[in-house]
Amino acid sequence: MEFQSIIYRTTVNKYKYLIALIAAFNFLLTPIHIALSGFNPAYVVVVNYTIIILSSALIASRKRDKFITCLIGLLTLLAIWLEFSYDNSNLIVINRLVFSFLLFGGFFTMLIRQLLIIKIINLQFILGPLLGFLYLGIIGGILFEAIHLMDANSLHLTEGYSGYSFYYFSFISITTVGYGDITPLTASAQSLTLVLNVIGQFYLAIVIGVFVGKYINTK
């Protein structure tokens, strides 16, 4: 049993970034899951949130980090459940946004910290930056939703928008695509958009620079 446990931990540690990356992509496909499954949106959101929390918790290498991640993850799931039960409670929404920001901010910080100490080019180093980019987009979506909660006129949104629209606009911002279907109207929304534009470009430039540097060092 002990040998099997060692094999399991070794395998999970080797593919933890791949598992977390698949879970993050799965999280971004939540609207498609809702449309195809026909299930209650609350169930789909909670299931996908649970998957990304459990998979991203694999990134934590220290017991304290794992405990904190699981605790914040549970609080986030609780807030989501309560939000679907009490639609008009801003207090619950605020708690969900705060916990979500802390959760994905923690994931992003742990990921970057681990990538900086990797000395060789391997699967983790290749998938890690992509996972970090997804976390960055999710964090931006949380911040846009928070700004919209404070001022409903902060963004020009398409008709029939949902909470997913904020994450969509976040990724549009960090990639500087700019389709124009959603636009920032207030100074706070415009400032966040600019910050994400800059961070997105610097993130890609820094990751490419670090990747090339480590590749040259291995040669």
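The values are calculated or read from the model by the stated rules, or taken from the named source; none is laboratory data. Just so you know, these numbers come straight off a predicted model, no measurement behind them. So basically every Cβ, Gly included, is an ideal-geometry build from the backbone, and we count neighbours across all protein chains shown.
Listed values, structure above:
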item: Selected residue [modelled with pLDDT of 85 or more, touching a helix residue (DSSP H, G or I) at 6+ places or on another chain (Cβ under 6 Å) and assigned to a helix (DSSP H, G or I)] from Leu71, Leu18, Leu36; result: Leu18
item: Single unsatisfied condition, Leu130 versus (1) farther than 21 Å from Tyr167 by Cα; (2) within 13 Å of the chain's Cα centre (by Cα); (3) not small (Gly, Ala, Ser); result: (1)
item: Residue satisfying condition, being of a type in the set (A, V, I, L, M, F, W, C), more than 28 Å from Ile22 (Cβ to Cβ), free of Cβ contacts under 8 Å to residues at least 12 places away in the same chain and part of a helix (DSSP H, G or I), within set Val93, Val198, Val98; result: Val198
item: Condition check for Ser170: of a type in the set (Ser, Thr, Tyr), surrounded by fewer than 13 Cβ atoms within 10 Å (Cβ to Cβ) and either in a helix (DSSP H, G or I) or out of contact with any helix residue (DSSP H, G or I) (no Cβ under 9 Å at 6 or more places or on another chain) (or both); result: no
item: Where Tyr164 falls short, out of the listed (1) farther than 22 Å from Ala20 by Cβ; (2) touching a Pro at 6+ places or on another chain (Cβ under 8 Å); result: (1)
item: Residue within segment 136-158 that is in contact with a strand residue (DSSP E or B) (Cβ under 7 Å, 6 or more places away or on another chain) and more than 19 Å from Val93 (Cα to Cα) present; result: yes
item: Given (1) buried (at least 17 other Cβ atoms within 10 Å of the Cβ); (2) among the hydrophobic types (A, V, I, L, M, F, W, C); (3) in contact with an Asp or Glu (Cβ under 9 Å, 6 or more places away or on another chain), number of the condition Ile52 does not satisfy; result: (3)
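So that you can scan it fast, the table gives a plain yes or no per residue for (1) at pLDDT 90 or above; (2) farther than 29 Å from Ala57 by Cα:
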residue: Ile120; (1), (2): no, no
residue: Phe125; (1), (2): no, no
residue: Gly128; (1), (2): no, no
residue: Tyr135; (1), (2): yes, no
residue: Gly140; (1), (2): yes, no
residue: Ala146; (1), (2): yes, no
residue: Met150; (1), (2): yes, yes
